[in-house]
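Input: a single structure, listed below in structure tokens.
The values are calculated or read from the model by the stated rules, or taken from the named source; none is laboratory data. In this text the structure is predicted, and so the values were computed from the model without any measurement. Cβ placement follows ideal geometry from the backbone for every residue including glycine, while neighbour counts extend to all protein chains displayed. Each accessible area value is taken on the protein alone, full model and side chains, heavy atoms only, with ligands, DNA and RNA left out. Shrake-Rupley method; radii C 1.70, N 1.55, O 1.52, S 1.80 Å.
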Amino acid sequence: MTAPGFTAVLAAAISLWMVAADAVAQSATYRERYRPQIHFTPPVNWMNDPNGLVHYDGEYHLFYQYNPFGDRWGHMSWGHAVSPDLVHWEHLPVALVEEDGVMIFSGSAVVDWNNTSGFGDGARPPLVAIYTGHRPADHNQSQHIAYSTDRGRTWTKYAGNPVIDIGAEHFRDPKVFWYAPDERWIMVLALAEDRKVRIYGSPDLKQWTHLSDFGPAAATAGQWECPDLFELPLDGAPGETRWVLQVDLNPGGRVGGSGGQYFIGHFDGTRFTAENTDTRWLDWGADFYATMSWSDIPPEDGRRIWIAWMNNWQYAQDIPTAPWRSAQSLPRSVSLRRFDDGIRLLQQPVRELERLRGVRRVLGPRPIREGTTLLEGEGIAGTTLEIIAELEPGVAREVGLKLRTGPGEETLIGVDVPAGRVFVDRTRSGESGFHPAFAARHEGPLILENGRVRLHVFVDASSVEVFAGSGETVITERIFPAPGSDGVALYAEGGPARLVSLEVWPLRSIWPQP
Ligand code: FRU
């Protein structure tokens, strides 16, 4: 009898592990304490950045930084899910696994429509993933590619990897797109320690030429990570466009720890130049990081949609959830609008989320008296809700909503009128002792229009996302209230205010119901 070969043993071990992993995944009920009901989470284990966002053949692919072996960061691989509508997700097996001492760090994916890579099988264009290979042994970070010819179900790592290796330690997170005017691929990635975005070009996704660097600029207090670059029409200016360069940094975010900023400018196929030198935050909350936009959304749709990791490296590994850890934000469509002080990015929840709405409750115009008015009597309560509130602060110093209220718990979505700020206060939101920085109030700028403010809010089992105004200020925060804290209230301080209108929808879970 001959001893089984190493490959056979390895294959047996992997399939045993897959069976075990599957059994663990089956144990997820999606009814666990703090389990988001309208946000993507893996059934079990650790997740961080969204990766490889690409639309192909009617499916949105979401890959993500994933540890198949535990609920903290490690063994980085690409987890995988697909969705027909950006809302309901089907979990698929891990797409790219750590192998030969190389972890699979963040990166992107594209449809190679013209088969420039030659990976196609003649029947369909290949999907190509471009990611950072991280070698823990010597910290080297280089860029790799892998391809799929079966709608992303199975992936083959390119035999010629790495495709870019400059011998650097902090060189990661490639985002690739097709630049039609020059008929070539463009890659942006971070030289993290240098606070630079490096730009490369390629005819075939295999041979890459260094074109230019952008940065350091604006916020530079932490490593730069996960850049994205795309063109958007300028609202209200027919034919005019701008390029948006999105760059994350950690630490040094607006409220500490991880945060994202953007630059508005021009890209000529080689070089990005910014129009702004000030720091523009993507999100004014603590939990919106490593933002990435989808590639290849059909032109007839035309939206630019992105999603981000709804967590913060400050406390990411300590948040009190099990058997999984971390969630992705709601998908948002982004646009540009010119304001008096320049061009700003607007973010709106994607319209597909409306499919989750249950029966709407509406409150018409009425005074909001000083103090707190619970809305239980109006049939308004819940832990998974969409709320659109229009408020007129009037003489009040502060006005807003209290959500997830219960014994000793409340999360405030408020307007600080004299300061011209909108804020989320999670100091009394529930469990927060896992990190000293967690219990805090985070605020962003607010412009009242005709003395009114519009707040579009999504509440989930362990998060709130607030889109203020037309989406020019967004605040994303994790919260960990008791499941029974489901109260919703209006409140005013320093004088009465006025409710113009309130619409509230209970939202259906995106997960299979028991
Ligand atoms: C951002 C990040 C990326 C890196 C990945 C590793 O959160 O640090 O720069 O590729 O996570 O998991």
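Whether any residue in segment 39-61 is over 17 Å from residue 88 (Cα atoms), more than 16 Å from the ligand (Cβ to nearest atom) and at pLDDT 95 or above is what I want to check. Can you show your working first?
Step one: of segment 39-61, the residues over 17 Å from residue 88 (Cα atoms) are 44-49, 51-52.
If we keep only those that are more than 16 Å from the ligand (Cβ to nearest atom) as well, we get 44.
In the following step, the residues that additionally are at pLDDT 95 or above were identified as 44.
Yes.
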Practice task
Output yes when any residue across segment 108-118 is polar (S, T, N, Q), within 16 Å of the ligand (Cβ to nearest atom), more than 21 Å from residue 295 (Cα to Cα) and assigned to a strand (DSSP E or B), and no when none is.
Solution key: no
Problem - Which numbered condition residue 87 fails, given (1) away from the ligand (no atom under 16 Å from the Cβ); (2) at positive phi - result: (2)
Handout entry: In segment 214-243, the residues that are among the acidic types (Asp, Glu), within 16 Å of residue 185 (Cα to Cα) and in contact with a Leu (Cβ under 8 Å, 6 or more places away or on another chain)
Key = 228
Practice task
Within segment 325-336, identify whether any single residue is open to solvent by 20 Å² or more (accessible area, probe 1.4 Å), in contact (Cβ under 8 Å) with a residue 12 or more places away in the chain and within 16 Å of the ligand (Cβ to nearest atom), and answer yes or no.
Solution key: yes
Practice task
Keeping to segment 209-233, report how many residues are closer than 16 Å to residue 276 by Cα, within 16 Å of the ligand (Cβ to nearest atom) and open to solvent by 20 Å² or more (accessible area, probe 1.4 Å).
Solution key: 2
Practice task
Specify which of the listed residues (291, 279, 321) is touching a Leu at 6+ places or on another chain (Cβ under 7 Å) and either open to solvent by less than 50 Å² (accessible area, probe 1.4 Å) or not in a strand (DSSP E or B) (or both).
Solution key: 291
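Would you call residue 399 closer than 29 Å to residue 508 by Cβ, at pLDDT 95 or above and in a strand (DSSP E or B)? Break it down into steps so the answer makes sense when it comes.
On the way: closer than 29 Å to residue 508 by Cβ: no; at pLDDT 95 or above: yes; in a strand (DSSP E or B): yes.
Answer is no for this residue.
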Exercise for the section: State yes or no: is residue 225 among the acidic types (Asp, Glu) and touching an Asp or Glu at 6+ places or on another chain (Cβ under 8 Å)? Expected result: yes
Practice task
Filter segment 463-514 for residues that are in a loop (DSSP other than H, G, I, E, B), more than 30 Å from residue 84 (Cβ to Cβ) and aliphatic (A, V, I, L, M) and give the result.
Solution key: 482
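Strands (runs of 3 or more DSSP E) wholly in segment 402-462 with at least 1 residues that are hydrophobic (A, V, I, L, M, F, W, C) - which ones?
Values: elements: 409-416, 421-425, 441-445, 453-460.
Once the strands (runs of 3 or more DSSP E) in segment 402-462 are filtered for at least 1 residues that are hydrophobic (A, V, I, L, M, F, W, C), what remains is 409-416, 421-425, 453-460.
Residue by residue through segment 433-476, note down the ones that are of a type in the set (Ser, Thr, Tyr) and surrounded by 19 or more Cβ atoms within 10 Å (Cβ to Cβ).
Of segment 433-476, the ones of a type in the set (Ser, Thr, Tyr) are 462-463, 470, 473, 476.
Listed by number, the residues that qualify are 462, 463, 473, 476.
From the residues in segment 119-139 that are aliphatic (A, V, I, L, M) and either open to solvent by 20 Å² or more (accessible area, probe 1.4 Å) or modelled with pLDDT under 95 (or both), which one is nearest to the chain's Cα centre (by Cα)?
Keep residues of segment 119-139 that are aliphatic (A, V, I, L, M), which gives 123, 127-130, 137.
Then drop every residue that is not either open to solvent by 20 Å² or more (accessible area, probe 1.4 Å) or modelled with pLDDT under 95 (or both), which leaves 123, 137.
Details: 123: 33, 137: 30 Å.
Filtering first and then ranking leaves 137.
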Exercise for the section: Identify the single condition in (1) under 29 Å from residue 256 (Cα atoms); (2) open to solvent by 10 Å² or more (accessible area, probe 1.4 Å); (3) away from the ligand (no atom under 14 Å from the Cβ) that residue 187 does not satisfy, given that it satisfies every other one. Expected result: (2)
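Does residue 92 count as more than 15 Å from the ligand (Cβ to nearest atom) and in a loop (DSSP other than H, G, I, E, B)? Steps first, answer last, please.
Numbers: more than 15 Å from the ligand (Cβ to nearest atom): yes; in a loop (DSSP other than H, G, I, E, B): no.
Here the answer is no, as residue 92 does not meet what is asked.
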Exercise for the section: Would you mind finding the one in 357, 361 that is open to solvent by less than 60 Å² (accessible area, probe 1.4 Å), basic (Lys, Arg), away from the ligand (no atom under 16 Å from the Cβ) and at pLDDT 95 or above? Expected result: 357
Practice task
Could you please give the count of residues in segment 255-274 that are more than 16 Å from the ligand (Cβ to nearest atom) and at pLDDT below 95?
Solution key: 1
Practice task
Determine the pairs where a residue that is in the same structural domain as residue 286 (by TED's automatic domain parsing), located within segment 254-270, has a partner that is among the acidic types (Asp, Glu) and in a loop (DSSP other than H, G, I, E, B) with Cβ atoms under 8 Å apart, the partner being 6 or more residues away or on another chain.
Solution key: 259/283; 260/283; 263/275; 264/275; 265/275; 266/275
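This table checks each residue for (1) under 18 Å from residue 198 (Cα atoms); (2) in contact with a Pro (Cβ under 9 Å, 6 or more places away or on another chain); (3) of a type in the set (Lys, Arg); (4) open to solvent by less than 50 Å² (accessible area, probe 1.4 Å).
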| site | (1), (2), (3), (4) |
| --- | --- |
| 117 | no, yes, no, yes |
| 141 | yes, no, no, yes |
| 151 | no, no, yes, no |
| 157 | no, no, yes, no |
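Can you pull out every residue in segment 234-253 that is assigned to a loop (DSSP other than H, G, I, E, B) and either buried (at least 22 other Cβ atoms within 10 Å of the Cβ) or polar (S, T, N, Q) (or both)? Can you show your working first?
First, the residues of segment 234-253 that are assigned to a loop (DSSP other than H, G, I, E, B): 236-240, 251-253.
Result: 253, single match.
Filter segment 364-396 down to residues that are under 18 Å from residue 452 (Cβ atoms) and not in a strand (DSSP E or B) and give me whichever is most open to solvent (accessible area, probe 1.4 Å). First the steps, then the outcome.
Here is the first cut: in segment 364-396, the ones under 18 Å from residue 452 (Cβ atoms) are 364-368, 387-396.
Next, only the ones that are not in a strand (DSSP E or B) stay: 364-365, 393-396.
Working: 364: 27, 365: 93, 393: 2, 394: 64, 395: 111, 396: 6 Å².
Here the answer is 395.
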Practice task
Please list, ordered by first then second residue, the pairs with beta carbon atoms under 7 Å, 6 or more apart or interchain, first in segment 125-137 and part of a loop (DSSP other than H, G, I, E, B), second within 13 Å of the ligand (Cβ to nearest atom).
Solution key: 136/103
